Amino acid sequence: MSATEPTIALDDELELISNPVELESAEAVLRWALREFGPDVALATGFGAEGCVLIRMLSEIDRNARIFYLDTDLLFPETYELIGVLEARYGVCFEQRTSRLSLTAQADRYGERLWERDPDVCCRLRKVEPLREILSGLRAWITAIRRDQTQARTGARVVERDRKFDLIKINPLAAWSSRDVWRYIKEHDVPYNPLYDLGYNSIGCQPCTTLVQIGENDRAGRWRGIAKTECGLHQ
Ligand code: SF4
């Protein structure tokens, strides 16, 4: 698919596109995104359940569509294993993005176990800066966020302007519930992280992810004990 000329330059144009797209299926939104942006759009995934859904959908539309992940060097072994499983199942090839700092270099500069002392700095080094680098070469990115995941995500549109990273952000699953996600996974036999079956409802870096208790929201297990709820990628 070849790149197309930018057609979205103004917020009112974005509004005209966003309203009808809100009502489309997630697959239709992905098709629209690939038509509109070609190789200048990519799906970002952390291999959560929602990401696995979008990977399957994208592979059905165009298995050469760009999909990247931020490898913090601190993901669960089960997540690294899932990456290979998804590539084999869907014939896709994920782009891996890493921090410029190895874990050793980070420890030398900031001290050991930075995630315990200053997770915002750790997330900036290992997630936000690598994301900013890849997004600087794109016109749009696709994310797997849902509105009901956290308070901060309740206002997410299906298509919106990402002012933090200065490009278009596409959230095809914005209106989906957790139930919708798991129904899709079961119906299409989509591989997913086995940690979900142990009670992890949102899976990020190993040091900052804990089990979710009954009655807690899906992301309650992330950065437990501190007020942080986002890595800095979506706010
Ligand atoms: S989630 Fe934790 S370990 Fe991962 S980058 Fe953020 S602070 Fe560091």
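Read the figures in this text as sums done on the coordinates, not as results from a lab. None of these values were measured; they are calculated from a predicted model. When we count neighbours, we look across all protein chains shown, and the Cβ atoms used for this are built from the backbone with ideal geometry, even at glycine.
Observations on the structure shown:
- Cβ-based charge dipole, the stretch 129-235, positive-most Cα from I142, N201, W182: I142
- Computed [θ] at 222 nm, deg cm²/dmol, the chain (DSSP H ≥ 4; -39,500 (n - 2.57); rounded to nearest 500): -10500 deg cm²/dmol
- DSSP beta bridge pairing in the chain, given as percent antiparallel to the nearest 5: 30 percent
- Computed over the chain: relative contact order in percent, which uses C-alpha pairs under 8 Å that are six or more apart: 22 percent
- Selection among T98, L211, A26 by position relative to the dipole of the chain gives L211 as farthest towards the positive end (Cβ unit charges, Cα centre).
- Positive-end ranking of I17, L173, F37 along the dipole of the chain, with charges on Cβ about the Cα centre, is headed by L173.
- Judged by the mean number of other Cβ atoms found within 10 Å, the most tightly packed of the peptides 107-116, 150-159, 122-131 leads the ranking 122-131, 150-159, 107-116.
- Rounded to the nearest 20, the Cβ-based charge dipole of the stretch 91-130 about its Cα centre (Lys and Arg +1, Asp and Glu -1) stands at 80 debye.
- In a reduced charge model with +1 at each Lys and Arg Cβ and -1 at each Asp and Glu Cβ, the stretch 63-206 shows a dipole moment near 680 debye about its Cα centre.
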